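Chemist: Structure below; questions to follow.
The values are calculated or read from the model by the stated rules, or taken from the named source; none is laboratory data. Quick caveat, the model's predicted, so the values are computed rather than measured. Cβ placement follows ideal geometry from the backbone for every residue including glycine, while neighbour counts extend to all protein chains displayed.
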Amino acid sequence: MPLLCTSRELPEGQSRGFQHGTLRLLAVRHAGQVYLYENRCPHRGIPLEWQADQFLDSSASLIQCASHGALFLIEDGQCVAGPCSGQRLRALACHEDAAGIWLDAE
């Protein structure tokens, strides 16, 4: 189980990208909980961000694909607008403890 970052490095309402081997990840802290997804748009199979750690829309309430504007719910990765509507991001298991945020083994 790799440590992704300390809890302090992912504040409330923020997102952050990570690389674990060949797997690109994105984490979001929303309502005190950490959500972790594969950083891959289901529409084109490309990373969601253009700028490092920029995964959220302007309201910080949805994950947004920078390439074509698809919007995803933070809580479950469901696409609610855009060309991949009805699809979802691939969620990954993680946990948080005193040391930080960890990717759980698959």
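Chemist: If you take the residues of the stretch 3-33 that are surrounded by 11 or more Cβ atoms within 10 Å (Cβ to Cβ) and modelled with pLDDT under 95, which of them is nearest to Gly100 (Cα to Cα)?
Modeler: If we take residues in the stretch 3-33 being surrounded by 11 or more Cβ atoms within 10 Å (Cβ to Cβ) and modelled with pLDDT under 95, then His20 is nearest to Gly100 (Cα to Cα).
Chemist: Sticking with this one: Identify, by number, the condition in (1) of a type in the set (Lys, Arg); (2) more than 14 Å from the chain's Cα centre (by Cα); (3) modelled with pLDDT of 95 or more that Arg44 doesn't meet.
Modeler: The number of the failed condition is (3).
Chemist: Now, a different point. Regarding the stretch 70-87, can at least one residue be identified that is more than 23 Å from Pro2 (Cβ to Cβ), of a type in the set (Phe, Trp, Tyr) and either in contact with a helix residue (DSSP H, G or I) (Cβ under 7 Å, 6 or more places away or on another chain) or assigned to a loop (DSSP other than H, G, I, E, B) (or both)?
Modeler: Taking the stretch 70-87 first, the residues more than 23 Å from Pro2 (Cβ to Cβ) are 70-73, 75-76, 78-87.
From the residues that got through so far, the ones that are of a type in the set (Phe, Trp, Tyr) too are 72.
Of the ones still in play, those that are also either in contact with a helix residue (DSSP H, G or I) (Cβ under 7 Å, 6 or more places away or on another chain) or assigned to a loop (DSSP other than H, G, I, E, B) (or both) are none.
Looking for residues that are more than 23 Å from Pro2 (Cβ to Cβ), of a type in the set (Phe, Trp, Tyr) and either in contact with a helix residue (DSSP H, G or I) (Cβ under 7 Å, 6 or more places away or on another chain) or assigned to a loop (DSSP other than H, G, I, E, B) (or both), one finds none in the stretch 70-87, hence no.
Chemist: Same structure again: Is it the case that Leu36 is crowded, with 19+ Cβ neighbours inside 10 Å, under 18 Å from Ala93 (Cβ atoms) and hydrophobic (A, V, I, L, M, F, W, C)?
Modeler: On the way: crowded, with 19+ Cβ neighbours inside 10 Å: yes; under 18 Å from Ala93 (Cβ atoms): yes; hydrophobic (A, V, I, L, M, F, W, C): yes.
In short, yes.
Chemist: Please state which of the following conditions Tyr37 fails to meet, knowing it meets all the rest: (1) modelled with pLDDT of 95 or more; (2) part of a loop (DSSP other than H, G, I, E, B).
Modeler: Tyr37 satisfies all of (1) modelled with pLDDT of 95 or more; (2) part of a loop (DSSP other than H, G, I, E, B) except (2).
Chemist: What pairs can you find where one residue is in the stretch 64-81 and at positive phi, the other is in a loop (DSSP other than H, G, I, E, B) and modelled with pLDDT of 95 or more, and their Cβ atoms are less than 6 Å apart, with a gap of 6+ or different chains?
Modeler: Here the result reads Gly77/Leu89, each pair linking the stretch 64-81 to a residue that is in a loop (DSSP other than H, G, I, E, B) and modelled with pLDDT of 95 or more.
Chemist: Please pick out the residue among Ser85, Ser59 that is in contact (Cβ under 8 Å) with a residue 12 or more places away in the chain, out of contact with any His (no Cβ under 8 Å at 6 or more places or on another chain) and of a type in the set (Ser, Thr, Tyr). Don't jump to the end; show me each part of the working.
Modeler: Numbers: Ser59 fails: in contact (Cβ under 8 Å) with a residue 12 or more places away in the chain.
Unique residue meeting the criteria: Ser85.
Chemist: Which of the residues belonging to the stretch 31-44 are more than 21 Å from Cys5 (Cα to Cα) and free of Cβ contacts under 8 Å to residues at least 24 places away in the same chain? Please lay out each step first, then the result.
Modeler: Residues of the stretch 31-44 that are more than 21 Å from Cys5 (Cα to Cα), as a first pass: 41-44.
Hits for the stretch 31-44: nothing passes.
Chemist: What do you reckon, is Pro47 free of Cβ contacts under 8 Å to residues at least 40 places away in the same chain and exposed (fewer than 11 other Cβ atoms within 10 Å of the Cβ)?
Modeler: Spelling it out, it is not the case that Pro47 is free of Cβ contacts under 8 Å to residues at least 40 places away in the same chain and exposed (fewer than 11 other Cβ atoms within 10 Å of the Cβ).
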